[in-house]
1. Sticking with the crude label model, points 7 Å out along Cα→Cβ, report the distance from A:ALA40 to B:ARG24 in nm, one decimal please.
2. In nm, to one decimal, how far is the A:THR182 label point from the A:GLN50 one, both placed 7 Å along Cα→Cβ?
3. Using amide H atoms built in the peptide plane, which far-off residues or other-chain residues are under 5 Å from A:VAL185 H to H?
4. Keeping every protein chain in place, order B:LYS175, A:LYS57 by accessible area at 1.4 Å, biggest value first, i.e. largest first.
5. Just to verify a number: what accessible area does B:ARG57 come out at with the full protein assembly present, 1.4 Å probe, Å² rounded to tens?
6. Determine the order of A:SER68, B:SER147, A:SER198 by accessible area, beginning with the largest, at a probe radius of 1.4 Å.
7. Over both sides of the B-A contact, add up the buried accessible area with a 1.4 Å probe and give it to the nearest 100 Å².
8. Any idea of B:HIS131's accessible area? Nearest 10 Å², probe 1.4 Å.
Amino acid sequence: MSSPRRHLDDLFSAAYEDELTPIEEARFHAHMQSCEPCAAAYAEFRASIQALREVPKARMPHVVHLPSTPPVAEIPARPRIGLSWFNLGLLRRFPATALAGAFVLVIAIAAVVHGGGGSVNGTLQPATAPRGAAQHAGASTTSSCTSIVGITGASPPASFSQEDLATDPAQPALHLVLAAPTLTVTSGKQAIVYAQLSEPVTSLSIPGAVSATAPSRAALPCVSVTVAGTGSNSNGQLAVPPDFSIAQTSAPEPQAGGTSEGASGSVPAIGTNGPLLSFTVPAGLAPGTELRVIATVPAGTTGPNSPALTAELTLTIH
Amino acid sequence: MDDEALLERARRGDRDAFAAIVTRHQDELYTMALRILGTPADAADVVQETFLRAYVRIPVLRGQTIRAWLFRVAINCSHDVQRRTVRRPADPLEDAEGNIVELPDPALGPEATVLSRERVAAVREALLALHPDFRAVVVLRDVNELSYEEMSEALRVPIGTVKSRLNRARTMLAKALRGTAAAPGFAEEHA
């Protein structure tokens with residue numbers, strides 16, 4: 001049973017906000033009149049709030065920089081199969097650059113695949129349309145991410161509040177977003193991330209059309225998941241199954257849209273050819289083990305001199 | 001024009017409407033981030049990042065309270081900064097004693113600024129001594145004056161949790177401020 005003093009501590013905030021019920025209020029004030037320590041503590045409580053409220057508001061010291069292009073909403077783009085619009089357009093206009101970009105990507109993948117002494121990588125492996133090599137000798141042999149592919153674009157579900165964003169200063173409207181609903185995951189359970197490279201396409205707008213959104217093109221970046229840290233077994237090997245991989249999926253987690261957006265119907269319908277990816281967190285990883293999820297778009301993908309874009313989230317086993 | 005109307009115009013490609021949202025909320029977001037992080041440069045980065053994310057995510061803001069959503073993003077960004085940042089030893093906006101040089105508020109005269117400096121410093125240090133979760137809740141309520149509903153949305157916790165966490169945070173803050181310049185008289189009265 002709690003002491004009276006303790007109990008009144010719990011009521012301080014409600015009393016300050018005038019949220020006590022009449023019975024609580026009568027009891028609270030009766031106690032305050034008879035208990036000097038509680039009265040003093042409550043006065044101190046009120047004074048501290050007052051002091052905090054009196055701290056002058058600060059002002060943003062510089063202008064917030066926004067992309068020069070109008071804000072645009074992302075709507076599903078036409079599903080594409082095979083080479084993406086990025087690759088097709090680039091191959092037509094800048095074949096050498098496109099090939100160079102592909103070469104950089106292959107080198108990057110090779111470095112990740114063969115260089116990680118203390119890590120194992122699972123690379124993008126779509127469930128519906130597997131690309132690239134099969135996984136036959138462990139996750140480190142997975143090399144399916146050899147190109148940036150067009151997808152049915154969609155906005156991140158509202159519940160995916162953990163984000164990393166990468167943009168090209170020369171093309172601020174083009175952005176790479178990597179998002180997840182949480183940064184903590186459970187070993188052996190499924191995890192979902194959102195990864196999309198998108199760019200508005202004002203040239204596709206229909207004059208006079210009544211639309212709340214402007215079209216955009218979307219592509220799935222190369223996404224890898226790296227297990228690092230302390231999650232090794234007794235042999236010093238990481239306890240990662242050989243079929244560790246990630247795949248496109250069709251729906252966010254069940255509780256997505258926990259806020260009011262669910263009722264408004266604004267959660268975009270995300271198909272299997274969309275930006276959501278799922279993977280099963282390897283079982284047996286120790287709490288605190290970190291999984292680095294990295295979305296990458298190689299240099300030269302979106303323009304002749306475009307830089308590489310990388311977005312990264314670190315998920316932690318709890 | 002309220003936030004919802006501005007947001008609707010922004011969805012239709014009106015950049016000025018979005019800029020109006022920025023103008024309306026940037027200072028309160030900056031104030032929140034500054035009280036949570038204690039570093040003006042980091043706080044400004046958080047605000048910049050928050051609006052950049054909002055610019056990208058306009059479609060999913062439909063039906064949401066944009067103010068609460070902006071605070072939620074700003075809190076997440078602040079936590080990201082807290083996770084990856086070791087306090088810099090020589091921030092250019094700190095004085096020789098490590099005190100943050102508050103940006104002058106034109107609304108305050110020089111005398112008022114001097115008089116409040118010690119109180120501000122005491123409150124700032126007391127806030128930074130709190131656990132980040134408690135710091136966030138007390139800042140949202142007592143600095144930014146968010147409603148419980150907005151706090152619940154921004155912190156993604158039930159209102160009951162908001163209230164209980166707020167009570168604990170305020171109690172800890174009161175103890176941290178005991179006897180400081182922000183609680184004049186208490187040291188003498190209650191020693």
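1. Label-label distance for A:ALA40 and B:ARG24, simple model: 4.7 nm.
2. Between A:THR182 and A:GLN50, the label points sit 4.2 nm apart.
3. A:THR316, A:ILE317, A:HIS318
4. B:LYS175, A:LYS57
5. About 10 Å², rounded to the nearest 10.
6. On the way: A:SER68 90, B:SER147 40, A:SER198 0 Å².
Ranking A:SER68, B:SER147, A:SER198 by accessible area, largest first, yields A:SER68, B:SER147, A:SER198.
7. Values: alone 11040 and 17370 Å², together 22910 Å².
Approximately 5500 Å² gets buried when B meets A.
8. About 100 Å², rounded to the nearest 10.
The values are calculated or read from the model by the stated rules, or taken from the named source; none is laboratory data. Please read all numbers here as calculations on a predicted model, not as lab measurements. Quick reminder, even Gly has a Cβ in these numbers, built from the backbone with ideal geometry, and neighbours come from all protein chains shown. In case anyone asks, the SASA skips ligands and DNA or RNA and just uses the protein heavy atoms, side chains included. Shrake-Rupley method; radii C 1.70, N 1.55, O 1.52, S 1.80 Å.
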